[in-house]
Amino acid sequence: MTRTIIEPFRIKSVEPIRWTTRKDREHLLRAAHYNLFLLPAADVLIDLLTDSGTGAMSTHQWAAIMEGDESYAGSKSFDRFRKSVQDIFGFEHVIPTHQGRAAERILFSVMCKKGDVVPNNTHFDTTRANVEAVGAEAVDLVIPEGKQPSVVHPFKGSMDLAALQSLIERVGRERIPLVMLTVTNNSGGGQPVSMENIRQVSALCHRHKIPLYFDACRFAENAYFIKLREQGYESKTPKQIAQEMFSHGDGCTMSAKKDGMANIGGFLCTNDDLLAQQQKDLLILSEGYPTYGGLAGRDLEAIAVGIQEALEEDYLRYRIASTAYLGSHIAEQGVPIVQPPGGHAIYIDARAFLPHISQSQFPGVALGTELYLEGGIRSVEIGSLMFGPAATMDLVRLAIPRRVYTQSHIDYVVEVILEVWKHRENIQGLKLTYEAPFLRHFTARLEPASNS
Ligand SMILES: Cc1ncc(COP(=O)(O)O)c(C=O)c1O
(Lines give C-alpha, C1' and ligand atoms only; values in the text may rest on other atoms or scores of the structure.)
Protein backbone atom coordinates (compact mmCIF):
# COMPACT_ATOMS: atom_id res chain seq x y z
CA MET A 1 0.00 0.00 0.00
CA THR A 2 1.33 3.50 -0.82
CA ARG A 3 2.02 5.76 2.14
CA THR A 4 1.83 9.21 0.55
CA ILE A 5 -1.37 11.00 1.42
CA ILE A 6 -2.30 13.28 -1.47
CA GLU A 7 -4.76 16.15 -1.83
CA PRO A 8 -7.95 14.22 -2.73
CA PHE A 9 -9.00 16.67 -5.46
CA ARG A 10 -7.89 18.19 -8.76
CA ILE A 11 -7.67 21.96 -9.21
CA LYS A 12 -10.11 23.43 -11.71
CA SER A 13 -9.84 27.13 -11.06
CA VAL A 14 -6.83 29.04 -9.72
CA GLU A 15 -6.38 32.32 -7.88
CA PRO A 16 -2.94 33.97 -8.28
CA ILE A 17 -1.10 35.04 -5.14
CA ARG A 18 1.36 37.94 -5.06
CA TRP A 19 4.97 38.19 -3.93
CA THR A 20 6.13 41.29 -2.06
CA THR A 21 9.65 42.27 -1.01
CA ARG A 22 10.79 42.50 2.58
CA LYS A 23 10.99 46.27 2.16
CA ASP A 24 7.34 46.34 0.98
CA ARG A 25 6.34 44.26 3.96
CA GLU A 26 8.13 46.51 6.45
CA HIS A 27 6.20 49.44 5.06
CA LEU A 28 2.90 47.52 4.93
CA LEU A 29 3.28 46.32 8.51
CA ARG A 30 3.91 49.85 9.80
CA ALA A 31 0.86 51.08 7.88
CA ALA A 32 -1.20 48.25 9.46
CA HIS A 33 -0.04 49.28 12.96
CA TYR A 34 1.56 45.85 13.45
CA ASN A 35 -1.90 44.25 13.47
CA LEU A 36 -2.16 41.54 10.80
CA PHE A 37 -5.96 41.98 10.68
CA LEU A 38 -5.35 45.46 9.26
CA LEU A 39 -3.27 44.24 6.28
CA PRO A 40 -4.83 44.16 2.81
CA ALA A 41 -5.23 40.48 1.85
CA ALA A 42 -3.66 41.21 -1.53
CA ASP A 43 -0.36 41.86 0.26
CA VAL A 44 -0.36 38.46 1.95
CA LEU A 45 1.31 35.53 0.17
CA ILE A 46 0.05 32.61 2.26
CA ASP A 47 -2.97 33.51 4.37
CA LEU A 48 -3.27 31.36 7.47
CA LEU A 49 -5.20 33.97 9.46
CA THR A 50 -8.19 31.67 9.66
CA ASP A 51 -9.77 28.54 8.28
CA SER A 52 -13.14 30.27 8.61
CA GLY A 53 -14.94 30.93 5.35
CA THR A 54 -11.68 30.65 3.43
CA GLY A 55 -12.09 27.14 2.03
CA ALA A 56 -12.50 26.12 -1.60
CA MET A 57 -15.90 24.77 -2.55
CA SER A 58 -16.33 21.58 -4.56
CA THR A 59 -17.92 21.16 -7.98
CA HIS A 60 -20.92 19.61 -6.19
CA GLN A 61 -21.31 22.70 -4.03
CA TRP A 62 -21.08 25.05 -7.02
CA ALA A 63 -23.62 22.93 -8.85
CA ALA A 64 -25.95 23.02 -5.84
CA ILE A 65 -25.61 26.81 -5.72
CA MET A 66 -27.32 26.97 -9.12
CA GLU A 67 -30.30 25.20 -7.51
CA GLY A 68 -30.66 28.02 -4.96
CA ASP A 69 -34.30 28.89 -4.38
CA GLU A 70 -34.37 32.55 -3.38
CA SER A 71 -37.99 32.58 -2.19
CA TYR A 72 -38.39 34.68 0.93
CA ALA A 73 -40.37 32.04 2.82
CA GLY A 74 -40.45 28.25 2.65
CA SER A 75 -37.82 27.79 -0.04
CA LYS A 76 -36.81 24.39 -1.38
CA SER A 77 -33.24 25.30 -0.44
CA PHE A 78 -34.26 25.55 3.22
CA ASP A 79 -35.88 22.10 3.05
CA ARG A 80 -32.69 20.60 1.64
CA PHE A 81 -30.58 22.47 4.19
CA ARG A 82 -32.72 21.34 7.14
CA LYS A 83 -32.78 17.74 5.92
CA SER A 84 -28.99 17.62 5.57
CA VAL A 85 -28.42 19.25 8.99
CA GLN A 86 -30.92 16.92 10.69
CA ASP A 87 -29.34 13.89 9.02
CA ILE A 88 -26.07 14.58 10.85
CA PHE A 89 -27.01 16.64 13.89
CA GLY A 90 -30.38 15.07 14.63
CA PHE A 91 -31.90 18.10 16.40
CA GLU A 92 -35.56 18.99 16.09
CA HIS A 93 -35.30 22.67 15.17
CA VAL A 94 -32.79 24.05 12.66
CA ILE A 95 -32.47 27.83 12.46
CA PRO A 96 -30.17 29.29 9.80
CA THR A 97 -28.00 32.29 10.68
CA HIS A 98 -25.49 34.35 8.72
CA GLN A 99 -22.58 32.90 10.72
CA GLY A 100 -21.73 31.27 14.03
CA ARG A 101 -21.72 34.34 16.22
CA ALA A 102 -25.28 35.23 15.21
CA ALA A 103 -26.37 31.80 16.45
CA GLU A 104 -24.44 32.46 19.68
CA ARG A 105 -26.00 35.87 20.21
CA ILE A 106 -29.50 34.48 19.77
CA LEU A 107 -28.83 31.42 21.97
CA PHE A 108 -27.38 33.40 24.88
CA SER A 109 -29.92 36.23 24.61
CA VAL A 110 -32.73 33.72 24.95
CA MET A 111 -31.20 31.40 27.55
CA CYS A 112 -29.02 33.60 29.78
CA LYS A 113 -29.39 36.61 32.03
CA LYS A 114 -27.19 38.77 34.21
CA GLY A 115 -25.49 36.75 36.95
CA ASP A 116 -25.68 33.42 35.10
CA VAL A 117 -22.64 31.23 34.51
CA VAL A 118 -21.87 29.37 31.27
CA PRO A 119 -19.23 26.62 31.45
CA ASN A 120 -17.44 25.52 28.27
CA ASN A 121 -14.26 23.52 27.66
CA THR A 122 -12.85 26.77 26.23
CA HIS A 123 -15.01 29.61 24.95
CA PHE A 124 -14.04 30.93 21.56
CA ASP A 125 -13.60 34.73 21.57
CA THR A 126 -17.00 35.52 20.02
CA THR A 127 -18.68 32.95 22.27
CA ARG A 128 -17.16 34.52 25.39
CA ALA A 129 -18.09 38.01 24.16
CA ASN A 130 -21.69 36.98 23.50
CA VAL A 131 -22.03 35.34 26.94
CA GLU A 132 -20.60 38.45 28.57
CA ALA A 133 -22.78 40.76 26.46
CA VAL A 134 -25.87 39.48 28.31
CA GLY A 135 -24.17 39.95 31.69
CA ALA A 136 -23.36 36.26 32.26
CA GLU A 137 -19.97 34.82 33.17
CA ALA A 138 -18.07 32.57 30.74
CA VAL A 139 -16.04 29.89 32.56
CA ASP A 140 -13.43 27.70 30.82
CA LEU A 141 -13.10 24.19 32.26
CA VAL A 142 -10.82 22.28 29.91
CA ILE A 143 -8.81 19.41 31.46
CA PRO A 144 -5.43 20.50 32.94
CA GLU A 145 -3.53 18.81 30.06
CA GLY A 146 -5.35 21.15 27.67
CA LYS A 147 -3.58 24.15 29.19
CA GLN A 148 -0.05 22.80 28.78
CA PRO A 149 1.13 23.21 25.18
CA SER A 150 3.84 20.55 25.22
CA VAL A 151 1.85 17.80 26.96
CA VAL A 152 0.71 15.08 24.56
CA HIS A 153 -2.79 13.73 25.21
CA PRO A 154 -5.21 12.28 22.66
CA PHE A 155 -8.17 14.42 23.76
CA LYS A 156 -6.79 17.66 25.12
CA GLY A 157 -10.08 19.43 24.37
CA SER A 158 -12.08 17.40 26.90
CA MET A 159 -13.95 19.06 29.76
CA ASP A 160 -12.70 18.71 33.35
CA LEU A 161 -15.64 16.78 34.82
CA ALA A 162 -14.68 17.28 38.45
CA ALA A 163 -14.33 21.03 37.87
CA LEU A 164 -17.76 21.10 36.21
CA GLN A 165 -19.30 19.18 39.12
CA SER A 166 -17.79 21.53 41.68
CA LEU A 167 -18.85 24.61 39.70
CA ILE A 168 -22.44 23.34 39.66
CA GLU A 169 -22.27 22.73 43.45
CA ARG A 170 -20.67 26.12 44.11
CA VAL A 171 -22.88 28.43 42.04
CA GLY A 172 -26.02 26.28 41.99
CA ARG A 173 -27.84 24.69 39.08
CA GLU A 174 -30.25 27.67 38.76
CA ARG A 175 -27.44 29.98 37.66
CA ILE A 176 -26.24 27.63 34.91
CA PRO A 177 -28.73 27.82 32.03
CA LEU A 178 -26.59 25.63 29.75
CA VAL A 179 -23.23 23.93 29.41
CA MET A 180 -21.28 24.13 26.15
CA LEU A 181 -18.73 21.81 24.56
CA THR A 182 -16.62 23.21 21.73
CA VAL A 183 -15.66 20.51 19.20
CA THR A 184 -12.84 20.74 18.39
CA ASN A 185 -11.55 23.16 21.01
CA ASN A 186 -10.30 26.02 18.84
CA SER A 187 -8.87 28.37 21.46
CA GLY A 188 -7.25 25.43 23.25
CA GLY A 189 -5.28 24.37 20.16
CA GLY A 190 -7.88 22.72 17.89
CA GLN A 191 -7.87 19.71 20.20
CA PRO A 192 -10.65 17.11 20.14
CA VAL A 193 -13.10 16.05 22.84
CA SER A 194 -13.48 12.29 23.35
CA MET A 195 -16.81 10.50 23.02
CA GLU A 196 -16.39 9.25 26.56
CA ASN A 197 -16.05 12.83 27.80
CA ILE A 198 -19.08 13.93 25.76
CA ARG A 199 -21.08 11.06 27.28
CA GLN A 200 -19.96 11.90 30.83
CA VAL A 201 -20.54 15.65 30.49
CA SER A 202 -23.97 14.92 29.05
CA ALA A 203 -24.85 12.56 31.93
CA LEU A 204 -23.68 15.10 34.53
CA CYS A 205 -25.64 17.93 32.87
CA HIS A 206 -28.77 15.87 32.56
CA ARG A 207 -28.54 14.70 36.18
CA HIS A 208 -28.72 18.38 37.10
CA LYS A 209 -31.31 19.12 34.38
CA ILE A 210 -28.92 21.47 32.58
CA PRO A 211 -29.06 21.41 28.76
CA LEU A 212 -25.87 20.60 26.87
CA TYR A 213 -25.11 22.53 23.69
CA PHE A 214 -22.29 21.98 21.24
CA ASP A 215 -20.25 24.68 19.57
CA ALA A 216 -20.05 22.41 16.54
CA CYS A 217 -17.82 24.43 14.15
CA ARG A 218 -15.30 21.60 13.60
CA PHE A 219 -17.50 18.62 14.34
CA ALA A 220 -16.18 16.53 11.42
CA GLU A 221 -12.54 16.90 12.48
CA ASN A 222 -13.54 15.99 16.05
CA ALA A 223 -15.37 12.90 14.77
CA TYR A 224 -12.32 11.82 12.78
CA PHE A 225 -10.01 12.18 15.79
CA ILE A 226 -12.41 9.94 17.74
CA LYS A 227 -12.17 7.38 14.93
CA LEU A 228 -8.36 7.53 15.01
CA ARG A 229 -7.83 7.65 18.75
CA GLU A 230 -10.75 6.21 20.73
CA GLN A 231 -11.26 2.53 21.27
CA GLY A 232 -14.41 1.14 19.73
CA TYR A 233 -14.70 3.73 16.94
CA GLU A 234 -12.08 2.40 14.48
CA SER A 235 -14.62 0.86 12.14
CA LYS A 236 -17.35 3.51 12.43
CA THR A 237 -17.71 6.17 9.74
CA PRO A 238 -17.08 9.82 10.68
CA LYS A 239 -20.77 10.43 10.02
CA GLN A 240 -21.90 7.72 12.45
CA ILE A 241 -19.52 9.16 15.05
CA ALA A 242 -20.82 12.71 14.50
CA GLN A 243 -24.40 11.46 14.85
CA GLU A 244 -23.50 9.77 18.12
CA MET A 245 -21.75 12.91 19.42
CA PHE A 246 -24.82 15.06 18.84
CA SER A 247 -27.21 12.44 20.25
CA HIS A 248 -25.80 13.37 23.67
CA GLY A 249 -26.73 17.07 23.37
CA ASP A 250 -29.81 19.27 23.36
CA GLY A 251 -28.73 21.65 20.63
CA CYS A 252 -25.80 23.39 18.99
CA THR A 253 -24.42 26.52 17.44
CA MET A 254 -22.56 26.13 14.19
CA SER A 255 -20.42 28.27 11.95
CA ALA A 256 -20.74 26.69 8.50
CA LYS A 257 -17.59 28.62 7.54
CA LYS A 258 -15.55 25.78 9.05
CA ASP A 259 -16.73 22.19 8.66
CA GLY A 260 -19.71 23.48 6.68
CA MET A 261 -17.17 23.96 3.86
CA ALA A 262 -18.96 27.17 2.91
CA ASN A 263 -17.76 30.76 2.66
CA ILE A 264 -20.57 32.10 4.82
CA GLY A 265 -23.37 30.77 7.01
CA GLY A 266 -24.23 29.10 10.26
CA PHE A 267 -27.10 27.65 12.22
CA LEU A 268 -28.60 27.16 15.64
CA CYS A 269 -30.29 23.91 16.63
CA THR A 270 -32.37 22.94 19.62
CA ASN A 271 -34.76 20.21 20.70
CA ASP A 272 -36.76 22.64 22.86
CA ASP A 273 -39.96 23.88 21.16
CA LEU A 274 -40.40 26.94 23.38
CA LEU A 275 -36.79 28.06 23.03
CA ALA A 276 -36.96 27.54 19.27
CA GLN A 277 -39.95 29.86 19.08
CA GLN A 278 -38.16 32.58 21.09
CA GLN A 279 -35.04 32.11 19.00
CA LYS A 280 -36.97 32.47 15.76
CA ASP A 281 -38.65 35.65 17.03
CA LEU A 282 -35.24 37.15 17.72
CA LEU A 283 -33.93 35.88 14.40
CA ILE A 284 -36.65 37.77 12.54
CA LEU A 285 -35.63 40.96 14.33
CA SER A 286 -32.01 40.93 13.17
CA GLU A 287 -31.21 38.09 10.77
CA GLY A 288 -34.28 37.40 8.67
CA TYR A 289 -37.16 35.02 8.20
CA PRO A 290 -36.59 31.56 9.78
CA THR A 291 -36.27 29.77 6.43
CA TYR A 292 -33.29 31.86 5.34
CA GLY A 293 -31.87 33.58 8.48
CA GLY A 294 -29.76 36.16 6.68
CA LEU A 295 -28.48 33.76 4.02
CA ALA A 296 -29.26 33.47 0.34
CA GLY A 297 -30.94 30.26 -0.81
CA ARG A 298 -27.71 29.41 -2.66
CA ASP A 299 -25.73 29.62 0.60
CA LEU A 300 -28.12 27.13 2.21
CA GLU A 301 -27.48 24.78 -0.72
CA ALA A 302 -23.69 25.09 -0.39
CA ILE A 303 -23.92 24.27 3.32
CA ALA A 304 -26.30 21.34 2.77
CA VAL A 305 -23.68 19.72 0.52
CA GLY A 306 -20.65 20.98 2.49
CA ILE A 307 -21.49 19.45 5.89
CA GLN A 308 -21.78 16.05 4.21
CA GLU A 309 -18.51 16.47 2.27
CA ALA A 310 -16.69 17.43 5.47
CA LEU A 311 -17.42 13.92 6.74
CA GLU A 312 -15.90 12.10 3.75
CA GLU A 313 -13.08 9.92 4.95
CA ASP A 314 -10.63 10.67 2.09
CA TYR A 315 -11.02 14.36 2.79
CA LEU A 316 -10.59 14.02 6.57
CA ARG A 317 -7.55 11.75 6.19
CA TYR A 318 -5.85 14.39 4.00
CA ARG A 319 -7.01 17.26 6.21
CA ILE A 320 -5.67 15.85 9.47
CA ALA A 321 -2.46 14.53 7.83
CA SER A 322 -1.62 17.82 6.12
CA THR A 323 -2.06 19.81 9.34
CA ALA A 324 0.13 17.31 11.20
CA TYR A 325 2.72 17.55 8.37
CA LEU A 326 3.26 21.25 9.07
CA GLY A 327 3.40 20.65 12.83
CA SER A 328 5.83 17.76 12.74
CA HIS A 329 8.23 19.44 10.29
CA ILE A 330 8.68 22.49 12.50
CA ALA A 331 8.53 20.60 15.81
CA GLU A 332 11.33 18.24 14.80
CA GLN A 333 13.61 21.28 14.41
CA GLY A 334 12.77 22.39 17.96
CA VAL A 335 9.94 24.88 17.33
CA PRO A 336 7.60 24.65 20.36
CA ILE A 337 4.05 23.84 19.26
CA VAL A 338 0.87 22.71 20.96
CA GLN A 339 1.15 18.93 20.92
CA PRO A 340 -0.23 16.90 19.34
CA PRO A 341 -1.17 18.93 16.21
CA GLY A 342 -4.84 19.93 16.13
CA GLY A 343 -7.30 19.47 13.29
CA HIS A 344 -7.45 22.79 11.54
CA ALA A 345 -4.32 24.58 12.69
CA ILE A 346 -0.87 24.46 14.16
CA TYR A 347 -0.34 26.58 17.23
CA ILE A 348 3.17 27.82 18.01
CA ASP A 349 3.83 28.45 21.69
CA ALA A 350 5.08 32.04 21.46
CA ARG A 351 6.07 32.26 25.14
CA ALA A 352 8.46 29.33 24.65
CA PHE A 353 9.58 30.59 21.21
CA LEU A 354 10.36 34.09 22.54
CA PRO A 355 11.10 33.69 26.26
CA HIS A 356 12.79 37.12 26.33
CA ILE A 357 9.49 38.91 25.53
CA SER A 358 7.15 39.42 28.50
CA GLN A 359 3.39 38.84 28.23
CA SER A 360 2.80 42.56 28.49
CA GLN A 361 4.74 42.98 25.22
CA PHE A 362 2.64 40.41 23.31
CA PRO A 363 5.03 37.60 22.28
CA GLY A 364 2.35 36.12 19.98
CA VAL A 365 1.93 39.37 18.08
CA ALA A 366 5.72 39.77 17.87
CA LEU A 367 6.10 36.30 16.35
CA GLY A 368 3.15 36.71 13.97
CA THR A 369 4.45 40.00 12.59
CA GLU A 370 7.92 38.47 12.15
CA LEU A 371 6.47 35.59 10.08
CA TYR A 372 4.86 38.19 7.85
CA LEU A 373 8.08 40.18 7.50
CA GLU A 374 10.10 37.07 6.73
CA GLY A 375 7.82 35.41 4.19
CA GLY A 376 4.48 37.20 3.73
CA ILE A 377 2.64 34.65 5.91
CA ARG A 378 -0.36 35.83 7.89
CA SER A 379 -1.26 34.08 11.16
CA VAL A 380 -3.30 35.09 14.19
CA GLU A 381 -2.35 35.67 17.81
CA ILE A 382 -4.41 33.79 20.39
CA GLY A 383 -3.12 35.13 23.65
CA SER A 384 -2.59 38.31 25.62
CA LEU A 385 -3.86 40.63 22.89
CA MET A 386 -6.98 38.55 22.23
CA PHE A 387 -7.88 37.70 25.83
CA GLY A 388 -6.01 40.29 27.93
CA PRO A 389 -4.89 39.14 31.38
CA ALA A 390 -7.25 36.09 31.15
CA ALA A 391 -4.87 34.53 28.59
CA THR A 392 -3.26 31.36 29.93
CA MET A 393 -1.09 30.90 26.82
CA ASP A 394 0.37 33.07 24.07
CA LEU A 395 -0.12 31.14 20.85
CA VAL A 396 0.35 31.93 17.17
CA ARG A 397 -2.22 30.02 15.18
CA LEU A 398 -1.49 28.96 11.64
CA ALA A 399 -4.96 27.96 10.46
CA ILE A 400 -5.16 25.96 7.25
CA PRO A 401 -7.99 26.87 4.87
CA ARG A 402 -9.81 23.78 3.60
CA ARG A 403 -8.75 22.43 0.17
CA VAL A 404 -6.84 25.65 -0.67
CA TYR A 405 -3.09 25.16 -0.29
CA THR A 406 -0.94 22.30 -1.57
CA GLN A 407 2.02 20.58 0.01
CA SER A 408 4.51 22.96 -1.65
CA HIS A 409 2.79 25.94 -0.03
CA ILE A 410 3.13 24.21 3.31
CA ASP A 411 6.81 23.40 2.62
CA TYR A 412 7.34 27.12 2.05
CA VAL A 413 5.63 27.93 5.38
CA VAL A 414 7.91 25.43 7.14
CA GLU A 415 10.98 27.10 5.59
CA VAL A 416 9.90 30.58 6.69
CA ILE A 417 9.15 29.48 10.27
CA LEU A 418 12.54 27.77 10.55
CA GLU A 419 14.27 30.90 9.27
CA VAL A 420 12.53 32.98 11.96
CA TRP A 421 13.41 30.33 14.57
CA LYS A 422 17.11 30.84 13.72
CA HIS A 423 17.07 34.57 14.52
CA ARG A 424 14.47 34.53 17.29
CA GLU A 425 16.72 36.33 19.83
CA ASN A 426 16.54 39.49 17.71
CA ILE A 427 12.73 39.72 17.73
CA GLN A 428 11.30 42.53 19.84
CA GLY A 429 8.07 42.98 21.80
CA LEU A 430 5.27 45.44 21.01
CA LYS A 431 3.12 47.91 22.89
CA LEU A 432 -0.49 48.99 22.38
CA THR A 433 -1.29 52.46 21.08
CA TYR A 434 -5.06 51.93 20.63
CA GLU A 435 -7.59 49.36 21.86
CA ALA A 436 -11.38 49.00 21.45
CA PRO A 437 -13.48 48.22 24.57
CA PHE A 438 -14.17 44.61 23.45
CA LEU A 439 -12.72 42.12 20.94
CA ARG A 440 -9.78 44.49 20.81
CA HIS A 441 -7.50 42.24 18.73
CA PHE A 442 -9.45 42.93 15.54
CA THR A 443 -8.69 46.65 15.51
CA ALA A 444 -5.84 47.18 17.99
CA ARG A 445 -2.89 49.33 16.95
CA LEU A 446 0.61 48.56 18.15
CA GLU A 447 4.19 49.69 17.70
CA PRO A 448 7.60 48.26 18.66
CA ALA A 449 8.05 48.51 22.43
CA SER A 450 11.44 50.12 21.84
CA ASN A 451 9.78 53.19 20.19
CA SER A 452 9.64 55.97 22.74
C1 LIG B 1 -15.05 27.47 18.06
C2 LIG B 1 -15.69 28.63 17.36
N3 LIG B 1 -16.90 29.07 17.76
C4 LIG B 1 -17.51 30.09 17.15
C5 LIG B 1 -16.93 30.76 16.09
C6 LIG B 1 -17.66 31.92 15.47
O7 LIG B 1 -18.09 31.65 14.18
P8 LIG B 1 -18.26 32.83 13.10
O9 LIG B 1 -16.90 33.35 12.79
O10 LIG B 1 -18.92 32.16 11.94
O11 LIG B 1 -19.12 33.88 13.70
C12 LIG B 1 -15.67 30.35 15.65
C13 LIG B 1 -15.02 31.06 14.53
O14 LIG B 1 -13.83 30.94 14.29
C15 LIG B 1 -15.04 29.24 16.29
O16 LIG B 1 -13.83 28.80 15.90
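The values are calculated or read from the model by the stated rules, or taken from the named source; none is laboratory data. Computed from a predicted model, the values in this text were never measured in an experiment. Don't worry about glycine lacking a Cβ; one is built from the backbone with ideal geometry, like all the others, and counts go over all protein chains shown. Protein only, heavy atoms only, side chains kept; ligands, DNA and RNA dropped before computing areas. Shrake-Rupley method; radii C 1.70, N 1.55, O 1.52, S 1.80 Å.
Take every Cα pair under 8 Å in segment 1-76 that's 6+ residues apart, average their separations, divide by the length, and report that relative contact order as a whole percent.
Working: 23 pairs, mean separation 17.7, N = 76.
Result for segment 1-76 is 23 percent.
Kindly provide the GluC sites (Glu not before Pro) of segment 387-452 that DSSP labels as loop, not H, G, I, E or B, and whose Cβ sees at most 15 other Cβ atoms within 10 Å. Don't skip to the end; give the middle numbers.
Numbers: sites: 415, 419, 425, 435; in loops: 435.
Sparse-neighbourhood loop GluC sites (Glu not before Pro): 435.
Normalising the average separation of contacting C-alpha pairs (under 8 angstrom, six or more residues apart) by the number of residues puts the relative contact order of the chain at 23 percent. Each stretch of four or more DSSP H residues adds -39500 (n - 2.57); spread over every residue of the chain, this sum gives -12000 deg cm²/dmol at 222 nm.
For segment 310-431, the relative contact order is 29 percent, taking Cα pairs closer than 8 Å that sit 6 or more residues apart in sequence and dividing their mean separation by the residue count. Taking amide H positions as modeled 1.01 Å from N, with prolines and chain starts lacking one, the residues under 5 Å from residue 337 and 5 or more places away or on another chain are 349.
Across every direction, the projection of the convex hull enclosing the Cα atoms of segment 314-452 has a mean area of 8.7 nm².
Under 5 Å between amide hydrogens, built in the peptide plane, is the criterion, and for residue 117 it picks out 137, 176 among residues at least 5 positions away or on other chains.
Using the scaling law 2.2 N^0.38 Å as the reference, what is the normalised Cα Rg of segment 80-122? List each step's numbers first, then the result.
Numbers: Rg = 13.0 Å, N = 43, 2.2 N^0.38 = 9.2 Å.
Rounded to two decimals, the normalised Rg is 1.42.
Between residue 150 and residue 285, what FRET efficiency follows from the Cβ-Cβ distance if R0 is 41 Å, with the result rounded to 0.05? Present the calculation step by step, with values, prior to reporting the outcome.
On the way: r = 47 Å, r/R0 = 1.14.
After rounding, the FRET efficiency stands at 0.30.
Convex hull volume of the Cα atoms of segment 19-72, normalised per residue: 131 Å³. Annotation for segment 1-102: trypsin sites (Lys or Arg not before Pro) lying in DSSP loop with at most 14 further Cβ atoms inside 10 Å of their Cβ are 3, 10, 12, 18.
Within the shell defined by Cβ-Cβ distances under 13 Å, the residues around residue 264 carry a net charge of +1, with Lys and Arg each +1 and Asp and Glu each -1.
If you count only protein heavy atoms with a 1.4 Å probe, what accessible area per residue comes out for segment 214-263, rounded to a whole Å²? Numbers along the way, then the final one.
Details: 1430 Å² over 50 residues.
On a per-residue basis, segment 214-263 sits at 29 Å².
Accessible surface of the chain, 1.4 Å probe: 52 percent of it comes from carbon and sulfur atoms. How many percent of DSSP beta bridges within the chain run antiparallel, rounded to 5? So the antiparallel bridges amount to about 65 percent of the total. Applying the Karplus relation 6.51 cos²θ - 1.76 cosθ + 1.60 with θ = phi - 60° to segment 162-173 yields 3J(HN,Hα) values of 5, 5, 5, 4, 6, 5, 4, 5, 6, 9, x, 4 Hz, where x marks Gly and Pro. Cross-linked pairs 227/280; 83/113; 76/113; 83/257; 156/236: Cα-Cα separations exceed 27 Å for 227/280; 83/113; 76/113. The listed residues 397, 445, 424, once ranked by accessible area (1.4 Å probe) with the largest placed first, stand as 445, 424, 397.
In square angstrom, what is the accessible area per residue of segment 5-59 with a 1.4 angstrom probe? Spell out each step's value before the answer.
Numbers: 3510 Å² over 55 residues.
Value for segment 5-59: 64 Å² per residue.
The distance from the alpha carbon centre of segment 374-399 to that of segment 67-84 is 38 Å, rounded to a whole number.
Note that the chain, at 10 °C in a medium of 1.306 mPa s, gets a Stokes-Einstein diffusion coefficient of 71 µm²/s from its Kirkwood radius over C-alpha pairs. Working note: Debye formula, equal point scatterers on the alpha-carbon atoms of segment 138-251, no solvent; log10 I(q)/I(0) at q = 0.16 Å⁻¹ is -0.69.
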